[in-house]
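Novice: Here it is: the structure, laid out below.
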Amino acid sequence: MAVDKNMRVLIVDDYKTMLRIIRNLLRQLGFNNIDEATDGSSALQQLRSGTQYGLVISDWNMEPMTGLQLLREVRADAKLKALPFIMVTAESKSENVIAAKEAGVSNYIVKPFNAETLKAKMVSVLGDF
Amino acid sequence: MTPITPHCQQSHPAQQGVFLKWGRAMASQMTRAEDGRRPLHTNPLLDGFDERLTALASRQETVEMSVEAVADVVQALIGSLEGDLQADDLHLYNEVEGLADFIRSARAEIVAINPTDIREEFLPTAADELDAIVQATEQATGAIMDVTEMIEDVIQRATPEDAETLQNAVTAIYEACSFQDITGQRITKVVRMLKSIEVRVDALVAAFAPKGGLRAAALITNESTSQEALNLQQAGNFGRTQSQAVGDRPDDNSLLNGPQANGDAMGQDDIDALLKSFD
């Protein structure tokens, strides 16, 4: 099934610069319906607001709710559990990757990353576009 | 006998317990011959020494023992030694005297530290400077991205060939700007370390300040803040929220390491391989 580039994407990061970078890279890929959140708590509120999201791209290290905790909440929520979730983070230890995988992450990008990597991981999660 | 290595004795009940057991063991060795039967010394001070140890041991679970009490015990032990000393006794005496000297000099050095300077000037200044760095790099990065977005808007009016070149350049600029995120996280790590140092300086001064030591004790003006910071560190999770539905994971904090040094970090290829191993 073709990927609907009109899907709504939620990007979550406590650094405004990173939100801006990811937003611009997503726009280059043709995704223009982009919402932003600066921590896991506000992201969870948006996800539970009733808006249909097709993808979450989230940082890990945020307060008061980390990206890992957000992922667990999403996977524990019956309405959200199938939502594709890509972690984009500077946390690069194997235990981080394992913890994220065990929590149900769809894919994992380590910072700093490039546009090609972002696209490749989105394709692996959503399908070709 | 194993040489004693003096080390900082903080007023923590568990450590006091270890010290009291050591003290009793030494006193016992000094009062008994190797056959374990007849006493070697009949010094009343040494008899009183054992009672004092017992009294201290009964208090240790509820009362933090001051360094003075520890030093008093050590001094009593030294003062109780008399008569001809064997080679082992002399060695033990020297070790105990060294321990007492260490406690005295460590206490004097720590009292000489001005915790006010550390807490109110050096550490805040360092933290402020680091915060300023993060803000400055964020502003600069924002300015670069403003201009880059302007260029991206113009790309649509360029020839196809130039558009591709410009688009690639714009993408490269966006990718490079992610440095600000990484540097910001590294600096945040340093600021947390500074705060941790501040808490430990307070704890060290509190442990070694003599009774009525106005300089050290009075300068710890906000014990609740220090204790609050200590509790925050020890509580784990740094106050992060999580619903009851998914439960609390005390070990999540150990996963928050931030950017790693180049030699320690896993690259994207390594991470992809690790993820694939789950399939």
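Novice: Could you check the stretch A:1-46 and list, in sequence order, the residues that are of a type in the set (D, E, K, R) and more than 13 Å from chain B (Cβ to nearest Cβ)?
Specialist: A:Asp4, A:Lys5, A:Arg8, A:Asp35, A:Glu36
Novice: Here's a check for you: in the stretch A:47-65, which residue that is touching a strand residue (DSSP E or B) at 6+ places or on another chain (Cβ under 9 Å) and within 9 Å of another protein chain (Cβ to nearest Cβ) is surrounded by the fewest Cβ atoms within 10 Å (Cβ to Cβ)?
Specialist: My answer is A:Asn61.
Novice: Is there a residue in the stretch B:173-194 that is polar (S, T, N, Q) and in contact with a Leu (Cβ under 8 Å, 6 or more places away or on another chain)?
Specialist: There is no residue in the stretch B:173-194 that is polar (S, T, N, Q) and in contact with a Leu (Cβ under 8 Å, 6 or more places away or on another chain).
Novice: Of all residues in the stretch B:172-186, count the ones that are in contact with a helix residue (DSSP H, G or I) (Cβ under 9 Å, 6 or more places away or on another chain) and surrounded by fewer than 19 Cβ atoms within 10 Å (Cβ to Cβ).
Specialist: Result for the stretch B:172-186: 6.
Novice: Within the group A:Ile57, A:Ile21, which residue is outside any helix (DSSP H, G or I) and within 24 Å of B:Thr148 (Cβ to Cβ)?
Specialist: Criteria check complete, one pass: A:Ile57.
Novice: Kindly provide the set of residues from the stretch B:152-208 that are of a type in the set (S, T, N, Q) and either in contact with a Gly (Cβ under 7 Å, 6 or more places away or on another chain) or facing another protein chain (nearest Cβ under 10 Å) (or both), ordered by number.
Specialist: Those that are of a type in the set (S, T, N, Q) and either in contact with a Gly (Cβ under 7 Å, 6 or more places away or on another chain) or facing another protein chain (nearest Cβ under 10 Å) (or both): B:Gln167, B:Asn168, B:Thr171, B:Ser178, B:Gln180, B:Gln185, B:Thr188.
Novice: Of the residues that make up the stretch A:48-59, is at least one more than 18 Å from A:Ile98 (Cβ to Cβ) and among the aromatic types (Phe, Trp, Tyr)?
Specialist: For the stretch A:48-59, residues more than 18 Å from A:Ile98 (Cβ to Cβ) and among the aromatic types (Phe, Trp, Tyr): present.
Novice: Counting only residues that are under 28 Å from B:Val170 (Cα atoms), give me the helices (runs of 4 or more DSSP H) lying completely in the stretch A:66-129 with at least 3 of them.
Specialist: A:115-126
Novice: Among the residues of the stretch A:87-102, how many are surrounded by fewer than 21 Cβ atoms within 10 Å (Cβ to Cβ) and either more than 9 Å from chain B (Cβ to nearest Cβ) or acidic (Asp, Glu) (or both)?
Specialist: Looking only at that region, the number is 2.
Novice: Whether any residue in the stretch B:146-159 is within 25 Å of A:Ser92 (Cβ to Cβ), touching a residue at least 24 places away in the same chain (Cβ under 8 Å) and in the same structural domain as B:Thr125 (by TED's automatic domain parsing) is what I want to check.
Specialist: Scanning the stretch B:146-159 turns up no residue that is within 25 Å of A:Ser92 (Cβ to Cβ), touching a residue at least 24 places away in the same chain (Cβ under 8 Å) and in the same structural domain as B:Thr125 (by TED's automatic domain parsing).
The values are calculated or read from the model by the stated rules, or taken from the named source; none is laboratory data. In this text, all values refer to a predicted model and were calculated from it rather than measured experimentally. Cβ atoms come from the backbone with ideal geometry, glycine included; neighbour counts cover every protein chain shown.
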